[in-house]
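Inspection log for the structure reproduced underneath, given as structure tokens.
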Amino acid sequence: MLCVVLLTCAGTVVPAASATDTLPYTHTGTLQGAPYRIDVPADWNGDLVMLMHGYVPAGAPRATPMKPADETAVFLKQGYAVAQSAYTSQGWAVGDAIADNERLRQFVEQSIGRPHHTYLIGFSLGALEGAASLERHPHTYAGALFMCGATVSTPELISRGSLTPLVAFDALIPGVLPDLAAPDSPAFVPPTVFAQALKAHPEQAAILEQRLQETPESLPTLSLYYMVLRELERRAGGMPVDNRKTVYQGFGDDIAFNRRVHRYAASPAALAYARRNVTLTGRIDTPVVMEWNAFDQTIPGRLHAVYPDQVRAAGNGRLLTVLTPVGQGHCAFSDAQIGTAFDALLSKVATSAH
């Protein structure tokens, strides 16, 4: 039975479920500026899934009321209640996401009662935020599933995932990108700009494809890396990564390449912001299942092993399952594949309980 709760957030009274509500039940609202949605199916099994979404560009339109993520139906059909937050801010909203997700989890417990088990599911950037949530709030979740995840600490992810590809592109095909740290540089460079430059320089494009584990079709994703870096600079108040002492390898003539690479000095305050938002440790206390796509143009294979290696180095390898990659594209999973991965988590949780 759903219980009666009223919660006051930032001066707004948010109505929760009443005892007369019947299932299925959907409730949307706002918690301290973060839109949220709670769905409870007619055949609710008493368990809860906290669903964390991926990167949404700053300024993207928000639907009111909040619409469910595409993956929501997978869990509702299996009898799970699903709660999800759109977070207080968009873009690199890692800090907001962790706080908003935890606030919503507590609100759900007050609204519909404490679930028998709560599972954490994160996709793409939501996997990084989910892993950080798992580490910051131990003994909260029965298990976690991270799919197509950017599960790399922000300083390393920005260094390896954004800055390295961008300075490599700039060194091999100069004159296209602006200064990455200049305040007046644009917030966005369209993919077509990268695509045209790569097409005009096939030899350099081939080097980038091989070194960055990309394809001709996926290399224009450099546009996303640029946008993320610029947005994080804005949040952090300066350049959050430093490559002055980095020695790059694998981009052709290493000596000549390192001589051409643009060097950026990090702001100490921005570095500290990146570490806070967020640095992972691999210290988990509950089963985690991870899966990526066989080819992912957004989160390349060179980043996939980073968090699993951290978990094992922290002595928690027994809690980790890494599934065989499937599908082509970023978060290109079918509902059946998501269901199979979740089943693997449930099996891991059941086994770990004995």
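The values are calculated or read from the model by the stated rules, or taken from the named source; none is laboratory data. All values reported here derive from a predicted model rather than from experimental measurement. We place every Cβ from the backbone using ideal geometry, glycine too, and count neighbours over all the protein chains shown. Remember, those area values only see protein heavy atoms, side chains included, never the ligands or the DNA or RNA. Shrake-Rupley method; radii C 1.70, N 1.55, O 1.52, S 1.80 Å.
Which condition from (1) touching a helix residue (DSSP H, G or I) at 6+ places or on another chain (Cβ under 9 Å); (2) among the aliphatic types (A, V, I, L, M); (3) open to solvent by less than 10 Å² (accessible area, probe 1.4 Å); (4) over 30 Å from LEU208 (Cβ atoms) is the one that ALA73 breaks?
(3)
Which number in (1) in contact with a helix residue (DSSP H, G or I) (Cβ under 6 Å, 6 or more places away or on another chain); (2) closer than 15 Å to VAL152 by Cα marks the one condition that VAL289 misses?
(2)
Would you mind stating whether GLU135 is open to solvent by 20 Å² or more (accessible area, probe 1.4 Å), more than 27 Å from GLN249 (Cα to Cα) and among the acidic types (Asp, Glu)? Can you show your working first?
Numbers: open to solvent by 20 Å² or more (accessible area, probe 1.4 Å): yes; more than 27 Å from GLN249 (Cα to Cα): yes; among the acidic types (Asp, Glu): yes.
For GLU135, the condition - open to solvent by 20 Å² or more (accessible area, probe 1.4 Å), more than 27 Å from GLN249 (Cα to Cα) and among the acidic types (Asp, Glu) - is met.
Which pairs do you get when a residue that is in a loop (DSSP other than H, G, I, E, B), found in segment 296-322, comes within reach of a residue that is among the basic types (Lys, Arg) and at pLDDT 95 or above, reach meaning Cβ atoms under 7 angstrom, with the pair 6+ apart or on two chains?
What qualifies is ALA314/ARG283; ASN316/ARG283.
Using the structure shown, decide if ARG244 is of a type in the set (D, E, K, R) and outside any loop (DSSP other than H, G, I, E, B).
No: the conditions fail for ARG244.
Filter segment 143-187 down to residues that are among the acidic types (Asp, Glu) and more than 18 Å from GLU209 (Cα to Cα) and give me whichever is most open to solvent (accessible area, probe 1.4 Å).
ASP184
All but one of (1) open to solvent by 70 Å² or more (accessible area, probe 1.4 Å); (2) under 17 Å from VAL241 (Cα atoms) hold for GLU203, so report the exception by its number.
Failing condition for GLU203: (2).
Does LEU7 satisfy the condition of being at pLDDT below 95, buried (at least 16 other Cβ atoms within 10 Å of the Cβ) and part of a strand (DSSP E or B)?
Yes.
Tell me, which residue of segment 90-104 that is open to solvent by 30 Å² or more (accessible area, probe 1.4 Å) and of a type outside the set (A, V, I, L, M, F, W, C) is nearest to ARG230 (Cα to Cα)?
GLN90
Among the residues of segment 223-268, how many are buried (at least 19 other Cβ atoms within 10 Å of the Cβ), touching a Phe, Trp or Tyr at 6+ places or on another chain (Cβ under 7 Å) and free of Cβ contacts under 8 Å to residues at least 60 places away in the same chain?
Residues flagged as buried (at least 19 other Cβ atoms within 10 Å of the Cβ), touching a Phe, Trp or Tyr at 6+ places or on another chain (Cβ under 7 Å) and free of Cβ contacts under 8 Å to residues at least 60 places away in the same chain within segment 223-268 amount to 2.
Mind listing whichever residues of segment 119-138 are over 20 Å from ALA274 (Cα atoms) and either modelled with pLDDT under 95 or touching a Ser or Thr at 6+ places or on another chain (Cβ under 7 Å) (or both)?
Selection gives LEU120 alone.
Looking at the structure I just gave you, is THR298 under 18 Å from VAL94 (Cα atoms), modelled with pLDDT under 95 and of a type outside the set (Phe, Trp, Tyr)?
yes
Take LEU31 and decide whether it is open to solvent by less than 50 Å² (accessible area, probe 1.4 Å) and closer than 11 Å to TYR87 by Cα.
yes
Only residues that are among the hydroxyl-bearing types (Ser, Thr, Tyr) and either more than 14 Å from the chain's Cα centre (by Cα) or closer than 24 Å to PHE342 by Cα (or both): list them for segment 264-304, please.
Those that are among the hydroxyl-bearing types (Ser, Thr, Tyr) and either more than 14 Å from the chain's Cα centre (by Cα) or closer than 24 Å to PHE342 by Cα (or both): TYR264, SER267, TYR273, THR281, THR286, THR298.
Restricting attention to segment 188-200, does a residue exist that is closer than 24 Å to ASP296 by Cβ, surrounded by 15 or more Cβ atoms within 10 Å (Cβ to Cβ) and touching a residue at least 40 places away in the same chain (Cβ under 8 Å)?
no
For segment 120-215, list the helices (runs of 4 or more DSSP H) that sit wholly inside it and hold at least 1 residues that are under 18 Å from TYR264 (Cβ atoms); which are they?
164-172
Can you find even one residue in segment 52-64 that is outside any loop (DSSP other than H, G, I, E, B), surrounded by 15 or more Cβ atoms within 10 Å (Cβ to Cβ) and not charged (D, E, K, R)?
Within segment 52-64 (the criterion being outside any loop (DSSP other than H, G, I, E, B), surrounded by 15 or more Cβ atoms within 10 Å (Cβ to Cβ) and not charged (D, E, K, R)), the answer is yes, since at least one residue qualifies.
Could you check ALA205 against (1) in contact (Cβ under 8 Å) with a residue 40 or more places away in the chain; (2) in contact with a Leu (Cβ under 6 Å, 6 or more places away or on another chain); (3) not acidic (Asp, Glu) and say which number it fails?
Evaluating ALA205 over (1) in contact (Cβ under 8 Å) with a residue 40 or more places away in the chain; (2) in contact with a Leu (Cβ under 6 Å, 6 or more places away or on another chain); (3) not acidic (Asp, Glu) leaves (1) as the failure.
Quickly run through segment 274-299 and pick out the residues that are crowded, with 19+ Cβ neighbours inside 10 Å and more than 30 Å from VAL349 (Cβ to Cβ).
ALA274, GLN297 - these are the residues of segment 274-299 that are crowded, with 19+ Cβ neighbours inside 10 Å and more than 30 Å from VAL349 (Cβ to Cβ).
Name the residue that is farthest from the chain's Cα centre (by Cα), counting only residues in segment 34-70 that are of a type in the set (Gly, Ala, Ser) and under 15 Å from ALA81 (Cβ atoms).
ALA42
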